[in-house]
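The values are calculated or read from the model by the stated rules, or taken from the named source; none is laboratory data. Small disclaimer: the values here were computed from a predicted structure and weren't measured. Here the Cβ positions follow ideal geometry from the backbone for every residue, glycine too, while neighbour counts run over all protein chains shown. Just so you know, the surface numbers come from the protein's heavy atoms only, side chains and all, with ligands and any DNA or RNA stripped out. Shrake-Rupley method; radii C 1.70, N 1.55, O 1.52, S 1.80 Å.
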Number of protein chains: 4
Amino acid sequence: MTIDQLKQDVCKANLDLVSRGLVTHTWGNASGIDRARGVMVIKPSGVSYEKLMPADMVAVALLSREVIEGNLRPSSDTQTHLELYRAFKEIGGIVHTHSPAATAWAQTCKEVPALGTTHADHFHGPVPCTRLMKTPEIRKDYELNTGRLIVKTFAGRDPMSCPAVLVASHGPFTWGNTVEEAVHHAEVLEHVVILAAETLRICPSTKPMQRVLLDQHFFRKHGALASYGQQSL
Amino acid sequence: MTIDQLKQDVCKANLDLVSRGLVTHTWGNASGIDRARGVMVIKPSGVSYEKLMPADMVAVALLSREVIEGNLRPSSDTQTHLELYRAFKEIGGIVHTHSPAATAWAQTCKEVPALGTTHADHFHGPVPCTRLMKTPEIRKDYELNTGRLIVKTFAGRDPMSCPAVLVASHGPFTWGNTVEEAVHHAEVLEHVVILAAETLRICPSTKPMQRVLLDQHFFRKHGALASYGQQSL
Amino acid sequence: MTIDQLKQDVCKANLDLVSRGLVTHTWGNASGIDRARGVMVIKPSGVSYEKLMPADMVAVALLSREVIEGNLRPSSDTQTHLELYRAFKEIGGIVHTHSPAATAWAQTCKEVPALGTTHADHFHGPVPCTRLMKTPEIRKDYELNTGRLIVKTFAGRDPMSCPAVLVASHGPFTWGNTVEEAVHHAEVLEHVVILAAETLRICPSTKPMQRVLLDQHFFRKHGALASYGQQSL
Amino acid sequence: MTIDQLKQDVCKANLDLVSRGLVTHTWGNASGIDRARGVMVIKPSGVSYEKLMPADMVAVALLSREVIEGNLRPSSDTQTHLELYRAFKEIGGIVHTHSPAATAWAQTCKEVPALGTTHADHFHGPVPCTRLMKTPEIRKDYELNTGRLIVKTFAGRDPMSCPAVLVASHGPFTWGNTVEEAVHHAEVLEHVVILAAETLRICPSTKPMQRVLLDQHFFRKHGALASYGQQSL
């Protein structure tokens, strides 16, 4: 894949966030990475979605963290994205939104428990929430520290078994093999959080689902034994 | 009716689920049955709704449980559908969705009480929720056991007096004389659950409606004495 | 106005209920009255909105309660409408919906308190809810008794000072000088109930608004001293 | 800018309120000011949005408070707008809506706490709510007193650091450098209130966000050290 193709994919992903109701105004961003070249492509900062073109995307080097192509300043969350690509070697795309349900849940500073099979089909266990950031982490290198904190939150956990996180008092980040898949996971996360919030409103004492049912649904769709869809025909 | 006609009806029903906001992505499925031939037609597994064509539908024999027509693998919920057709002789169509309100209520693992005439016009009493499945039921023949559990949940109750059920920690199934009617019941169920959830939020101590009012509304629309609509003109 | 013109207005009002999101399927009905002729025009029972034409409307005599024009059976709520026209001499149109918020509130069997100026601009005090119906009232002449109960609920109160009521365990009825105005009041009621429900969710201890503010807003828009709009220019 | 140009901007802003779902019916109004000429332009009272044209806008003198151009009566909230322009010298546009979430919160008569970065990106601290008005303030010069009370509520606080207020038992007012920006702030406020209400529903004990995080986000977008967007390239 060329960088130009990646710019098209990343631009399309950013526009998909709007058409699927996950971002309003300029709040949100999507990026993709070319691992072979060590180049991340990301949305520019604060540009209106209506005018967004592939040529507006900004290319940033993974190692040097410097802009290598593009006339616009990259998203203010660029350092967060870079940090995730450095730590999570298997991911190819990242999305950040202010989608209503996931953002509201992030503002509670709590994880999203697995309450049913819709959750289990996509996230193998609770969707975690980062701890509150410390004052020095906020005052200096805030965006970089946001990325570091997400990585710490996944210590000992495969990031592909739960391609989503809530940043406390802020909002969701999701990822995937491609930027398109990261958008899909942002959409799924919003749906799952809507379900969880409504479930607890109807019955506040609802317990997390059975572990065996969580495993049954997750592994029906993921991993070597997956039977869902047409893949093994 | 020919199998080809049934495929068209089932395909249309699956697409209607999308256009009526009851399913997103590939989550959900509709099926119909030809009782004379003993053949069920169902959506293929994990295929995008945008590309769904009548010829993609899969025909499965009711008795042998084997695919008899179609190049794609049938829905992962096929065995659940078959089990319901075997036990509920009067039904001609089945729908499974992840519609937000009904799925959230299913995640509470509780029945939906009858709180008003909108409910009573369609469901003669509470919409039941299955018990939690046991570990062996989940680990082996999970989809078949889901169907068996729904049937057990209706022991002693006419399935046409309440053409809907919630599967605990999972979501709703509905049925009807035809697949079109099953889609209609899925839509009605979602509406009724939205009302029930909102009612209990406004006033958590709301009691179920009077039995005599439930009967009055249900039998105004169903059975030999029905007076609603134009049927007896 | 001719009966044909009234049929057109009533047909349009019924279609407006759909386009404004106040009814789904065939649930709901609108009627208008020609006071000079003593004729009410109402939607037929259980007919799909997509096919509704002015010629389908049914004309019923106010005094004899008999159908005098139309090939279809009138709405199952016909006797309720007639009773309201008989008791509330000043009204020219009536609407019944199953709109989500107002129906959910009706299921709580409680009045809607006046919590803010949006309410006060339209309803001079709480929107009342009928008491539960007694078993004999339900078993015989149910629809007629529904109308009688609404009238009793307004004993001593000007129905135009609050052109809306909730029928317990059922849903809202609204009225106005014309059927068009009744539709408008159904829309306003839904909006006001959404606000009230959300207000009490954010802060369950919210008290009704100040009486003086209720009066200020209601009389800014209604009665001899109204100053809102362009009417006195 | 000419008065005609201002009328076009104010008319467009009023129509934008409708297209963005912030007002229904005739409930709401937007105004702009020409500081050099001392002229405010505002929507006429109670006119349907469908028919609204730039020539319908009403021009009012800031000092004399008298209509100087226009054939229609100005918005019933005119005196509130004038009072805000007199006190808040830096603002160029004002918007009043009955948007659902912000109006419901205003009906609770409480401020909106800062619970996350979406809030902090736009409002530097809680969005305040006015105290209840006193009976004499309501009975005489109600709209003028509403403006005075908003101004008192901002005593000691820069109105541009929080371009929004809730009027108790009533609804939101927002402002900005231009009427277009005031519309934007009305939209942002609605989004932020939706998030806050949902956050407190999921977890009623949620605390306000850290002060240092509030500052970090607000000053990333506002003031001399802002780094968001493309402004400093």
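Under 6 Å by Cβ, and 6 or more places apart or on different chains, what pairs join a residue from segment C:38-56 that is open to solvent by less than 20 Å² (accessible area, probe 1.4 Å) with one that is of a type in the set (D, E)?
C:P44/C:D56
Answer yes or no: is there a residue in segment C:168-182 that is touching a residue at least 24 places away in the same chain (Cβ under 8 Å) and within 30 Å of D:L144 (Cα to Cα). Let's see the steps before the verdict.
Keep residues of segment C:168-182 that are touching a residue at least 24 places away in the same chain (Cβ under 8 Å), which gives C:168-182.
Then drop every residue that is not within 30 Å of D:L144 (Cα to Cα), which leaves none.
No, segment C:168-182 contains no residue that is touching a residue at least 24 places away in the same chain (Cβ under 8 Å) and within 30 Å of D:L144 (Cα to Cα).
Please go through segment A:62-79 and give me each residue that is open to solvent by less than 20 Å² (accessible area, probe 1.4 Å) and of a type outside the set (S, T, Y), ordered by number. Steps first, answer last, please.
Taking segment A:62-79 first, the residues open to solvent by less than 20 Å² (accessible area, probe 1.4 Å) are A:75, A:77-78.
If the condition is that a residue be open to solvent by less than 20 Å² (accessible area, probe 1.4 Å) and of a type outside the set (S, T, Y), then A:D77 is the only one that fits.
So if I check each of C:P113, C:P100, C:P126, which one is open to solvent by 10 Å² or more (accessible area, probe 1.4 Å) and in contact with an Asp or Glu (Cβ under 6 Å, 6 or more places away or on another chain)? Spell out the reasoning first.
Details: C:P113 fails: in contact with an Asp or Glu (Cβ under 6 Å, 6 or more places away or on another chain); C:P100 fails: in contact with an Asp or Glu (Cβ under 6 Å, 6 or more places away or on another chain).
It is C:P126.
Among the residues of segment D:136-154, is any surrounded by fewer than 20 Cβ atoms within 10 Å (Cβ to Cβ) and within 14 Å of chain A (Cβ to nearest Cβ)?
no
Quick test of your reading of the structure: B:T174 fulfils all but one of (1) out of contact with any strand residue (DSSP E or B) (no Cβ under 7 Å at 6 or more places or on another chain); (2) away from chain C (no Cβ under 13 Å); (3) hydroxyl-bearing (S, T, Y). Name the failing condition by number.
(1)
Take segment C:2-25 and flag every residue that is of a type in the set (S, T, Y) and crowded, with 18+ Cβ neighbours inside 10 Å. Steps first, please.
Kept after step one, since they are of a type in the set (S, T, Y), are these residues of segment C:2-25: C:2, C:19, C:24.
Within segment C:2-25, C:T24 is the sole residue that qualifies.
Please enumerate the residues belonging to segment B:202-233 that are within 30 Å of C:V192 (Cβ to Cβ), basic (K, R) and free of Cβ contacts under 8 Å to residues at least 12 places away in the same chain.
B:K207
Filter the helices (runs of 4 or more DSSP H) completely within segment A:131-233 down to those with at least 3 residues that are under 14 Å from the mean Cα position of the chain (by Cα) and farther than 19 Å from A:M40 by Cα.
Qualifying helices (runs of 4 or more DSSP H): A:179-202.
State yes or no: is A:T199 in contact (Cβ under 8 Å) with a residue 60 or more places away in the chain, out of contact with any strand residue (DSSP E or B) (no Cβ under 8 Å at 6 or more places or on another chain) and either buried (at least 20 other Cβ atoms within 10 Å of the Cβ) or within 9 Å of chain B (Cβ to nearest Cβ) (or both)? Can you show your working first?
Numbers: in contact (Cβ under 8 Å) with a residue 60 or more places away in the chain: yes; out of contact with any strand residue (DSSP E or B) (no Cβ under 8 Å at 6 or more places or on another chain): yes; either buried (at least 20 other Cβ atoms within 10 Å of the Cβ) or within 9 Å of chain B (Cβ to nearest Cβ) (or both): yes.
Taking the combined requirement at face value, the residue satisfies it.
Here are the criteria: (1) more than 10 Å from chain C (Cβ to nearest Cβ); (2) more than 26 Å from D:V212 (Cα to Cα). Tell me which single one D:G125 does not satisfy.
(2)
Filter segment B:19-50 for residues that are within 18 Å of A:D121 (Cβ to Cβ) and among the aliphatic types (A, V, I, L, M); which is modelled with the lowest pLDDT? Walk me through it before giving the result.
Of segment B:19-50, the ones within 18 Å of A:D121 (Cβ to Cβ) are B:22-29, B:43-49.
Then keep just the ones that are among the aliphatic types (A, V, I, L, M); that gives B:22-23, B:47.
Details: B:L22: 94, B:V23: 90, B:V47: 87.
Within segment B:19-50, the match that is modelled with the lowest pLDDT is B:V47.
Residue under question is A:T118, and the condition is that it be open to solvent by less than 20 Å² (accessible area, probe 1.4 Å), touching an Asp or Glu at 6+ places or on another chain (Cβ under 8 Å) and polar (S, T, N, Q); does it hold? Outline the logic, then answer.
Working: open to solvent by less than 20 Å² (accessible area, probe 1.4 Å): yes; touching an Asp or Glu at 6+ places or on another chain (Cβ under 8 Å): no; polar (S, T, N, Q): yes.
So A:T118 does not fit the description; no.
Tell me which strands (runs of 3 or more DSSP E) are completely within segment A:13-125 and hold 2 or more residues being touching a His at 6+ places or on another chain (Cβ under 9 Å), or say none if there are none. If you could, list the steps in order and put the result at the bottom.
Values: elements: A:28-34, A:39-42, A:58-61, A:67-69, A:93-97.
Passing ranges, in order: A:28-34, A:39-42, A:93-97.
Just one of the numbered conditions (1) closer than 27 Å to C:I202 by Cα; (2) more than 10 Å from chain C (Cβ to nearest Cβ); (3) open to solvent by 10 Å² or more (accessible area, probe 1.4 Å); (4) touching a Gly at 6+ places or on another chain (Cβ under 6 Å) is not true of D:E83; which one?
It fails just one condition, (1).
Among the numbered criteria (1) away from chain C (no Cβ under 13 Å); (2) over 20 Å from D:E180 (Cβ atoms), which one does D:S45 miss?
Unmet for D:S45, out of (1) away from chain C (no Cβ under 13 Å); (2) over 20 Å from D:E180 (Cβ atoms): (1).
For segment D:202-233, how many residues are away from every other protein chain (no Cβ under 12 Å) and open to solvent by less than 50 Å² (accessible area, probe 1.4 Å)?
In the first step, residues of segment D:202-233 are kept if they are away from every other protein chain (no Cβ under 12 Å); the result is D:218, D:222-225.
Of the ones still in play, those that are also open to solvent by less than 50 Å² (accessible area, probe 1.4 Å) are D:218.
Going through segment D:202-233 one residue at a time, the tally reaches 1.
Would you pick out the residues in segment B:167-194 that are within 17 Å of B:G92 (Cβ to Cβ), small (G, A, S) and in contact with a Ser or Thr (Cβ under 6 Å, 6 or more places away or on another chain)?
Passing the criteria: B:A182, B:A186.
Here is a check on your reading of the model: is B:P172 surrounded by 22 or more Cβ atoms within 10 Å (Cβ to Cβ) and of a type outside the set (A, V, I, L, M)?
So B:P172 fits the description; yes.
Only residues that are of a type outside the set (A, V, I, L, M, F, W, C) and touching a residue at least 60 places away in the same chain (Cβ under 8 Å): list them for segment B:58-85, please.
So the first thing to find is which residues in segment B:58-85 are of a type outside the set (A, V, I, L, M, F, W, C), and the list is B:64-66, B:69-71, B:73-81, B:83, B:85.
Residues satisfying the conditions are B:E69, B:S76, B:D77, B:T78, B:Q79, B:T80, B:H81, B:E83.
Select from segment A:85-134 the residues that are in contact with a Cys (Cβ under 9 Å, 6 or more places away or on another chain) and closer than 30 Å to B:S76 by Cα and list them in ascending order. Give the steps one after another, and end with the answer.
Of the residues in segment A:85-134, the ones in contact with a Cys (Cβ under 9 Å, 6 or more places away or on another chain) are A:105-112, A:122-132.
Answer for segment A:85-134, where residues must be in contact with a Cys (Cβ under 9 Å, 6 or more places away or on another chain) and closer than 30 Å to B:S76 by Cα: A:E111, A:V112, A:H122, A:F123, A:H124, A:G125, A:P126, A:V127, A:P128.
What single numbered condition from (1) within 14 Å of chain A (Cβ to nearest Cβ); (2) surrounded by fewer than 18 Cβ atoms within 10 Å (Cβ to Cβ) fails to hold for B:R35?
The failed condition is (1).
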